[in-house]
1. Place a label point 7 angstrom from the Cα of GLN304 along the Cα-to-Cβ direction, then list the residues of the range 186-222 whose backbone nitrogen is under 14 Å away.
2. Relative to the first principal axis of the alpha-carbon coordinates of the chain, what is the inclination of helix 165-180, with its axis defined by its Cα atoms, in degrees from 0 to 90 and to the nearest 10?
3. Can you return the aspartates and glutamates within cross-link range of LYS290? Criterion is Cα-Cα under 12 Å, with same-chain partners fewer than 8 residues away left out.
4. If you take the beta carbon distance between LEU51 and ILE288 as r and set R0 to 45 Å, what does 1/(1 + (r/R0)^6) give as a FRET efficiency, to the nearest 0.05?
5. About its Cα centre, how strong a charge dipole does the chain have in debye, to the nearest 20, once Lys and Arg get +1 and Asp and Glu get -1 at the Cβ?
6. Listing TRP248, TRP98 from the residue with the fewest other Cβ atoms within 10 Å to the one with the most, what is the order?
7. Where the Cα atoms of the range 24-85 are projected onto their three principal axes, how long is each span, largest first, in whole Å?
8. May I have the convex hull volume per residue, in Å³, for the Cα set of the chain?
Amino acid sequence: MIAIKDLKKSYNSHEALKGISFNIKEGEFYGLLGPNGAGKTTTISIMSSILTPDSGEVLINGNNIYTHPNESKRIIGVVPQEIALYNELTAEENLWFWGGLYDVPKTELKKRIDEVLTLFGLSERRKDKVSTYSGGMKRRINIAAALLHQPRIVFMDEPTVGIDPQSRNLIFEVIEKLHSNGMTIVYTTHYMEEAERFCDRIGIIDNGQIIAEGTLDELRKSSSAKETIVITFNNLNDDKVQKIQSFWKDCNHTDDKIYFYTSDLKTELSKIISQCSDAGADIHNIEIKKVNLETVFLSLTGKQLRD
Ligand SMILES: Nc1ncnc2c1ncn2[C@@H]1O[C@H](COP(=O)(O)OP(=O)(O)OP(=O)(O)O)[C@@H](O)[C@H]1O
Ligand SMILES: [Mg+2]
């Protein structure tokens, strides 16, 4: 449904996108996960024709968005990273403004404004100026504005940054509802928890390039990241640590804990436990840290996803 082909974009001499390509199927929830400055907003802005690439193209249903701007505008909703609302207008007036830009007929628009205000739990505050809203409420209206023309595709650029947990949960519920109703969603985030929770497929973006792509499982398997078994011991001493380290080379020791790294948790967990007891070590607690997107990112780039 969406094909992104070799997008390149420089700001002055800075190469923000170095050739970004990916495809999204109808109804798919696609996540672009990457740290600050990776190129997420630049990619989304080009996909929404807010920004022109230096080269490359964006096809929606086979149509180039630059040669068929009206068709793509009709079916795409865009939630920008920077909140785009008029503070001196009420929520309702803001929605009238944005709905008008998308040419939604008046009677229809009135109905849809009611619907989105209900969906985002803001019906009672509809007559209040946006300047009196909390950050989370502004975010909710920012998303609502992108849904008024009932798009089939929505691009959301970090829609949950800097908001309270209640607004975040409400936004999550709405997003899940939209997705289960068949909407195609492209979602950028630097929160790995969000990418893991929602996305059918994830593109990991860093330094203007997609460095890995796939389902969560595929990304976990393809990376060299290992699972970690953290065992806390009672009365751990140097002698016991040495014995343990002699049978398990790939481990680290700090205080009363030993971190065992493994690429085959299922078979190796019981082996590690029995060898610890052979070494006379008294196990107090066992914690298993599965490979997540943070560790995948770390293994690919050598740096943390979040600063
Ligand atoms: N208008 C601009 N002028 C100059 N450089 C820019 C401009 N917009 C973005 N950049 C640079 O391009 C790179 C990619 O920026 P972009 O905003 O796409 O990243 P991002 O992944 O959205 O980051 P964030 O998580 O902070 O939103 C960054 O190095 C940024 O500083
Ligand atoms: Mg951004």
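No lab work stands behind these numbers, since they all come straight from the coordinates. It should be emphasised that the depicted structure is a prediction, and the values quoted were computed from it without experimental measurement. Ideal geometry is used to build each Cβ from the backbone, glycine not excepted, and the neighbour counts take in all protein chains shown.
1. Once the point is set 7 Å along Cα→Cβ of GLN304, 191-192 turn out to lie under 14 Å by backbone N, inside the range 186-222.
2. 80 degrees
3. Partners within reach: ASP217, GLU227, ASP264.
4. Numbers: r = 44 Å, r/R0 = 0.97.
So the FRET efficiency works out to roughly 0.55.
5. It comes to approximately 600 debye.
6. TRP248, TRP98
7. Extents along the principal axes, in whole Å: 31, 29, 25.
8. 162 Å³
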